[in-house]
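J.: So that we are looking at the same thing, I have put the structure below in structure tokens.
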Amino acid sequence: MQILKDDVRQSILNAALAEFKQHDYADASMRRISASAGMTTGNIYRYFKNKEELFEALVGPVYERCIANILVIKQEVDQNFAKGTEASDCLQMVESIIVGLFEESSAELMILLNRSTGSKYAGVKASICALVVSILESMIRFGKEETGELTLEEKQTAQMLGGTVVEGVCLILRDHEDGETVKRLVNQLVYLYYFGTDHWNKKKG
């Protein structure tokens with residue numbers, strides 16, 4: 001009977017975290033992970049049967065929290081916009097979710113969004129973008145004087161904004177690890193998308 005130790009498993013996860021921060025899933029090496037963890041590759045396979053399972057252990061939990069939180073935002077938008085809730089309040093909810101996830105799992109979130117190529121999470125950015133677009137479409141729909149289907153231009157606008165917001169967050173997480181810097185940049189990103197550059201320049205002035 002094999003006896004698996006929690007501290008050894010955690011050492012493997014720590015080494016894998018460092019590896020996946022530097023390399024996409026497809027390019028990450030189990031040999032480098034084992035060397036960093038100070039053990040043989042064979043010993044790693046006693047704890048994780050393959051690279052996919054190791055990657056899942058790292059990013060699976062943060063993925064579940066991320067999707068769950070975005071769905072909560074979508075529900076809040078659908079319910080509260082009908083009551084006259086300001087768009088800025090919903091955007092602040094988006095900001096708080098991003099910052100909250102970063103504070104809990106900064107490296108894992110960055111890996112999920114920027115290093116998942118070749119894994120089953122490769123399409124996660126597109127999935128998150130689709131959810132954000134649906135939120136923006138709801139915001140546009142409730143902001144119209146007349147209810148009804150969105151025009152093609154309105155749908156394209158939501159897709160453009162949703163994609164650029166998600167990409168902006170990915171760049172922030174990729175390039176910065178300091179919590180305060182991430183908070184500030186995400187705040188600026190959300191602010192700029194809602195109020196525009198003219199309002200931002202007036203605020204700074």
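J.: Provide the net charge surrounding S34, with neighbours chosen by a C-beta distance below 13 Å and charges set as Lys +1, Arg +1, Asp -1, Glu -1.
T.: +3
J.: Here is a follow-up. Net charge around A126, counting only other residues with Cβ within less than 14 Å of its Cβ (Lys, Arg = +1; Asp, Glu = -1)?
T.: Counting the neighbours of A126, the net charge comes to +1.
J.: Counting other Cβ atoms within 10 Å, which trypsin sites (Lys or Arg not before Pro) in region 28-76 have at most 11 and lie in a DSSP loop?
T.: The qualifying sites are K49.
J.: Can you work out the Karplus-derived ³J(HN,Hα) for every residue in region 5-18? Use 6.51 cos²θ - 1.76 cosθ + 1.60 with θ = phi - 60°, whole Hz, and x for glycine or proline.
T.: Once rounded to whole Hz, the list reads 9, 4, 5, 5, 4, 5, 4, 5, 4, 5, 5, 5, 4, 5.
J.: If you roll a 1.4 Å probe over the heavy atoms of the protein chains, what accessible area per residue do you get for region 4-73, in Å²? Numbers along the way, then the final one.
T.: Working: 3640 Å² over 70 residues.
Result: 52 Å² per residue.
J.: Okay, next question. Tell me the label-point distance for the pair E103, R46, using the 7 Å Cα-to-Cβ offset, in nm and rounded to one decimal.
T.: According to this spin-label approximation, the distance is 3.9 nm.
The values are calculated or read from the model by the stated rules, or taken from the named source; none is laboratory data. As the structure is a prediction and not an experimental result, all values here were calculated from the model. Every residue, glycine as well, gets a Cβ built from its backbone with ideal geometry; the counts of neighbours run over all protein chains shown. The accessibility values were calculated without ligands, DNA or RNA, using every heavy atom of the protein model including side chains. Shrake-Rupley method; radii C 1.70, N 1.55, O 1.52, S 1.80 Å.
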